[in-house]
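The values are calculated or read from the model by the stated rules, or taken from the named source; none is laboratory data. Just so it is clear, the model here is predicted, and its values are computed rather than measured. Cβ atoms come from the backbone with ideal geometry, glycine included; neighbour counts cover every protein chain shown. The protein model used for the area step is the full one, side chains on, heavy atoms only, and it has no ligands, DNA or RNA in it. Shrake-Rupley method; radii C 1.70, N 1.55, O 1.52, S 1.80 Å.
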Amino acid sequence: MTIATSRISPARDFWADADRHLVRYAGAGDFTREIITRAAGSFVYTESGREILDFTSGQMSAILGHAHPEIVATVRDQIGELDHLFSGMLSRPVVNLARRLADSLPAPLEKVLLLTTGAESNEAALRMAKLVTGKHEIVSFARSWHGMTQAAASATYSAGRSGYGPAAPGNFAIPVPNAYRPDFTTPEGEFDWRRQLDFAFDLIDAQSVGSLAACLVEPILSSGGIVEPPPGYFAALRDKCDERGMLLILDEAQTGLCRTGTWYAFERDGIVPDLLTLSKTLGAGLPLAAVITSAEIEAAAHDRGYLFFTTHVSDPLVAAVGNTVLDILERDGLDRRATELGAFLRHGLERIAQRHSVVGDIRGRGLLAGLELVTDRETKRPSDELGAAVTRRCLELGLHMNIVQLPGMGGVFRIAPPLTATEDELSLGLSILDQAIADAARTFG
């Protein structure tokens, strides 16, 4: 057998090879037809010489931009010193990162497990919750996204459930508290989220076999359309969990570590979860994730023989990167910067909404923003086709945008530029988006 050497091939051959040899993993979506050769700061660069502004921080992860010099230096230094170990061995970067994450969080969150991806961290958290409570039922939002491994996928309702056989038993969905599209209203027409939540748990109680272990939710649903539950919702959800002996798990893969203007999005609500999962932003684009819980829960799990022994648990290379991420976030005050740039971004999006009647809603917090396109503001009728057209036009004009890929929600843009972006870069992105909406709207009449 002869294995061909790598080569620089013409673009036509590159796409022929890609189409022939790569597994397509984005459902009905396809690969962006650009060959990316490098990235720096807020931009990615194509082989043909195009510069594309990245309004998604890669996969919503590169919060310090691409190729941040301090991250680059950490990787170069650490990989030449200590990259990977047997999973039962410990290194200083791992223990330092665990201590620093604990220091950044309110009590009693102080026990840390370092892993690789968001799915893995949610898998570990759910496994721990089931072991500690002795129960198995899991509640999550109907538009949730928690990952593609078994327990995480079973708690994911936004996509990927059809055709894969039985999910883990005992998984239940509750409605998303979406104020823009309220399903419960007061006599005055306002969103009645308390009645919605009561109704949701009446249904949960009716379906449960008495084995409710945990509730796993995102503080701001991202793949679900940048939906932020109203103030007071998570305190009430916390009460629902406590009444039933359930643990509350918050998935802050995208909202954690300053993106929303605070270190953790749950700080707004004055609650503390039983378990917190981090990923994406923690590694600033490298595969690093964490589960953080209390000493009491960790001890109970340990006493019951908790097992989550993976190949890359407690890896020193990415732990060193995580420490550098925390250094930069703290030194540069990027929580405050996310608040300031988030206000700048929102003002620009609101001005776009004033100019284009197809913009139905602007939402989000800090540098995690959502813009929803509709064909009619009164009916709020969504348009997947219009969203796809705007996405294509943005890319043609030099802006990479991410749109929710759920049927009926294809007009919701997820906007998450790096925390290191400048106002000029945000202005450029807003200008391109403005033009793309105008061009696509003309096409659709």
query: With contacts defined as alpha carbon pairs under 8 Å and 6 or more residues apart, what's the relative contact order of the stretch 1-115 in percent?
result: 12
field: Ordering of 298-306, 173-181 by packing [mean C-beta count within 10 Å, highest first]
entry: 173-181, 298-306
- line: One finds, for residue 379 and residue 107 with R0 = 45 angstrom and r their Cβ-Cβ distance, a FRET efficiency to the nearest 0.05 of 0.40
task: Count the DSSP beta bridges whose two residues both fall in the stretch 71-332, then state the antiparallel fraction as a percent rounded to the nearest 5.
output: 45
- prompt: Between residue 144 and residues 5 or more places away or on another chain, which pairs have amide H atoms under 5 Å apart, with H built 1.01 Å from N, and which residues are they?
  reply: 157, 158
message: Please compute the contact order of the chain in relative form: average sequence separation of alpha-carbon pairs under 8 Å and at least six residues apart, divided by the residue count, as a percent.
response: 20
- line: Scoring the stretch 162-284 by relative contact order with C-alpha pairs under 8 Å, at least six apart, yields a percentage of 21
query: What fraction of the DSSP beta bridges in the stretch 174-278 is antiparallel, stated in percent and rounded to the nearest 5?
result: 20
query: At residue 36 and residue 392, where each label point lies 7 Å from the Cα along Cα→Cβ, what is the point-to-point distance in nanometres?
result: 2.1
message: Could you sort 130, 111 by their accessible area in this structure, using a 1.4 Å probe and putting the largest first?
response: 111, 130
field: Label-point separation, residue 85 to residue 67 (7 Å along Cα→Cβ), nm
entry: 3.2
query: For the chain, what does the equivalent ellipsoid look like in terms of its semi-axes, each the square root of 5 times an eigenvalue of the Cα gyration tensor, given largest first in whole Å?
result: 33, 30, 22
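Have a look at the DSSP beta bridges in the chain and tell me what percent are antiparallel, nearest 5. Spell out each step's value before the answer.
On the way: 34 of 50 bridges.
Bridges in the chain that DSSP calls antiparallel: roughly 70 percent.
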Solvent-accessible area per residue for the chain (1.4 angstrom probe, square angstrom): 46
